[in-house]
1. Return 243, 8 ranked ascending by Cβ neighbour count within 10 Å, so the fewest neighbours appear first.
2. When the Debye formula is applied to the Cα atoms of region 114-156, each taken as the same point scatterer, what base-10 log of I(q)/I(0) results at q = 0.19, 0.27, 0.33, 0.35 Å⁻¹?
3. How many percent of DSSP beta bridges within region 117-255 run antiparallel, rounded to 5?
4. Region 55-97 to region 214-255: how many Å between their Cα centroids?
5. Short version: what are the Cα gyration tensor semi-axes of region 50-98, square root of 5 times each eigenvalue, largest first, in whole Å?
6. In what sequence do 96, 151, 130 fall when counting other Cβ within 10 Å, fewest first?
7. Provide the descending list of Cα extents for the chain along its principal axes, expressed in whole angstroms.
8. Calculate how steeply helix 49-60 sits against the longest principal axis of the alpha-carbon atoms of the chain, using the helix alpha-carbon long axis, and give the answer as 0 to 90 degrees to the nearest 10.
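Any read-out appearing in this document is the output of simple, stated calculations on the displayed coordinates, not a laboratory observation. Since this is a predicted model, take the numbers as computed values, not measurements. Quick reminder, even Gly has a Cβ in these numbers, built from the backbone with ideal geometry, and neighbours come from all protein chains shown.
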């Protein structure tokens, strides 16, 4: 009998590849850019990702009181979001970084250690589609610039719902559809003409950056992604555009 999983095609940027091959190709991209991940985001966002992440954590609003609060950041290998959440909240926040890329996690572990936060931030290798955690474990689940690299987004959203406690919050920050006239054309030019060339000049390889900008165009638009979050079981789903829709934040609650 034919293996359906191996024969089903899915997108890797603008290319169609077998589902069984896609995750390995994505892993190769992040193994290549792990040590230059912040540079990659600077190139792709013009440095705006730092402001977007600030807004993202502000909207999450981690508690500053004495209550225990467990936060999970998926595809957060370099630790950027987890470090921000712990810094913004109170002393009882515990954060777990889960990433499928050992190279990205190595960067995150180093940054967490350098910040003196080993006791409050844990790094675990794992797949967003099959998270290695028990049901109803976390108060908040975040994923920033990672969900478009997942092969089955619906499975990742179902896993997010599963591992959150009742009353827990899902939040996603992702590149999205530009909704401002003229800005969309400028952003397309920057994405397809500038970013791959800058990637080759600064990181020695254009191909990972080419995939990343193509993957943005394949990702569901704001309202379509909001509906996927609702379909996974979340309530009170909302989104906020950032910089005209270059990026968007989505929020939902497990009621």
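1. Numbers: 243 16, 8 10.
With the sparsest Cβ surroundings first, the list reads 8, 243.
2. -0.77, -1.18, -1.28, -1.29
3. On the way: 14 of 20 bridges.
Around 70 percent antiparallel, to the nearest 5.
4. 20
5. On the way: eigenvalues 57, 36, 11 Å².
Semi-axes from the Cα gyration tensor: 17, 13, 7 Å.
6. Numbers: 96 22, 151 19, 130 9.
Exposure proxy ranking, most exposed first: 130, 151, 96.
7. Ordered largest first, the chain gives principal extents of 49, 47, 37 Å.
8. 30
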